[in-house]
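Inspection log for the structure reproduced underneath, given as structure tokens.
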Amino acid sequence: MVETLKLIVVEDYKEMSRKAASIVADEIRKNKKLVLGLATGGTPLGLYGELIRMHKEEKLDFSGVKTFNLDEYLGLDPDNEQSYHYFMFHNFFNYVNVDRRNVHIPDGKAKDPNAFCVEYERMIKEAGGIDLQILGIGSNGHIAFNEPGSKADSRTRVVDLSEQTIRDNARFFKDEKEVPRKAISMGIGTIMEAKKIVLLASGKNKADAIAKTVEGMPTEEVPASLLQRHRDVTVIVDKEAASKLTRRQ
Ligand code: PGA
């Protein structure tokens with residue numbers, strides 16, 4: 001059994017969100033200019049809610065923080081309600097004192113998406129690299145939109161969404177047909193360069209992916225399992241997402 005990842009099993013979604021928020025807050029208090037990698041989806045919503053509360057009640061200060069989001073659907077306008085731009089502003093950025101000039105999200109409407117990907121990598125480098133990266137995980141083990149089969153050394157690029165991801169994400173759209181088929185995503189190589197990584201998962205439909213990620217052999221078929229090769233990854237899962245692990249803490 002491989003045990004390179006730090007595993008924290010908590011009771012439920014709320015506790016997962018609180019634990020993740022306390023890690024993010026500690027890092028911001030240590031370094032006001034933290035470069036924070038952010039994720040979208042159902043998983044980090046509670047984390048953002050808790051960070052907003054900490055900003056309001058405990059004056060957690062985001063004014064010097066730089067953010068880089070993992071991915072964005074290709075072809076969606078930033079004000080499209082299904083875009084990750086919209087998600088980030090409406091669930092997080094609008095409620096904290098992050099400087100809009102410090103927010104980076106891949107541009108789904110870039111005229112030349114491939115050139116944009118190169119530019120995104122350059123911006124991350126220019127910021128000094130990502131200090132703390134938040135990740136969710138797909139039911140198929142993807143991280144960002146790095147679907148099974150993505151290369152371990154992949155960089156920010158245009159990717160095709162897998163059928164599984166299209167099905168999983170259809171719940172956010174009126175119709176499965178509306179789910180974009182392509183996205184811009186940081187690569188696995190990009191993510192692996194973050195100094196510290198926190199991966200979150202909750203619910204039964206993540207249990208298989210979490211078992212393979214934590215206890216399986218690292219393989220490009222389960223992109224999250226490649227995180228075993230990183231030196232500082234904390235996996236925070238609720239009981240349901242942990243239900244297929246043999247090791248519990
Ligand atoms: P979810 O997505 O948080 O909406 O479950 C996670 C992911 O696909 O990375």
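I'd like the residue in region 232-242 that is farther than 26 Å from Ile130 by Cβ and within 16 Å of the ligand (Cβ to nearest atom) and, out of all such residues, is most open to solvent (accessible area, probe 1.4 Å). Of everything passing the filter in region 232-242, Glu240 is most open to solvent (accessible area, probe 1.4 Å).
Listed here are the residues, each with its yes/no results for (1) open to solvent by less than 10 Å² (accessible area, probe 1.4 Å); (2) of a type in the set (Asp, Glu); (3) under 16 Å from Ile188 (Cα atoms); (4) touching a helix residue (DSSP H, G or I) at 6+ places or on another chain (Cβ under 6 Å).
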site	(1), (2), (3), (4)
Leu74	no, no, no, no
Phe93	yes, no, no, no
Asn114	no, no, no, no
Met123	no, no, no, no
Ile134	yes, no, yes, no
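Yes or no, residue by residue, for (1) within 12 Å of the ligand (Cβ to nearest atom); (2) under 26 Å from Pro106 (Cβ atoms); (3) of a type in the set (S, T, N, Q):
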site: Asn169; (1), (2), (3): yes, yes, yes
site: Pro180; (1), (2), (3): no, yes, no
site: Ala183; (1), (2), (3): yes, yes, no
site: Leu199; (1), (2), (3): yes, yes, no
site: Asp208; (1), (2), (3): no, no, no
site: Lys212; (1), (2), (3): no, no, no
site: Met217; (1), (2), (3): no, no, no
site: Glu220; (1), (2), (3): no, yes, no
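Six or more apart or on different chains, Cβ atoms under 8 Å: show the pairs whose first residue is in region 165-177 and touching a residue at least 12 places away in the same chain (Cβ under 8 Å) and on the phi < 0 side of the Ramachandran plot and whose second is assigned to a loop (DSSP other than H, G, I, E, B) and hydroxyl-bearing (Ser, Thr, Tyr). These pairs meet every condition: Asp168/Ser139. Residues satisfying the criterion are absent from region 140-151 (criterion: among the aliphatic types (A, V, I, L, M), in contact with a strand residue (DSSP E or B) (Cβ under 9 Å, 6 or more places away or on another chain) and more than 15 Å from the ligand (Cβ to nearest atom)).
The values are calculated or read from the model by the stated rules, or taken from the named source; none is laboratory data. Predicted model, so just to flag it, every value in this text is computed and none were measured. So basically every Cβ, Gly included, is an ideal-geometry build from the backbone, and we count neighbours across all protein chains shown. Ligands, DNA and RNA are excluded from the accessible area calculation, which covers all protein heavy atoms including side chains. Shrake-Rupley method; radii C 1.70, N 1.55, O 1.52, S 1.80 Å.
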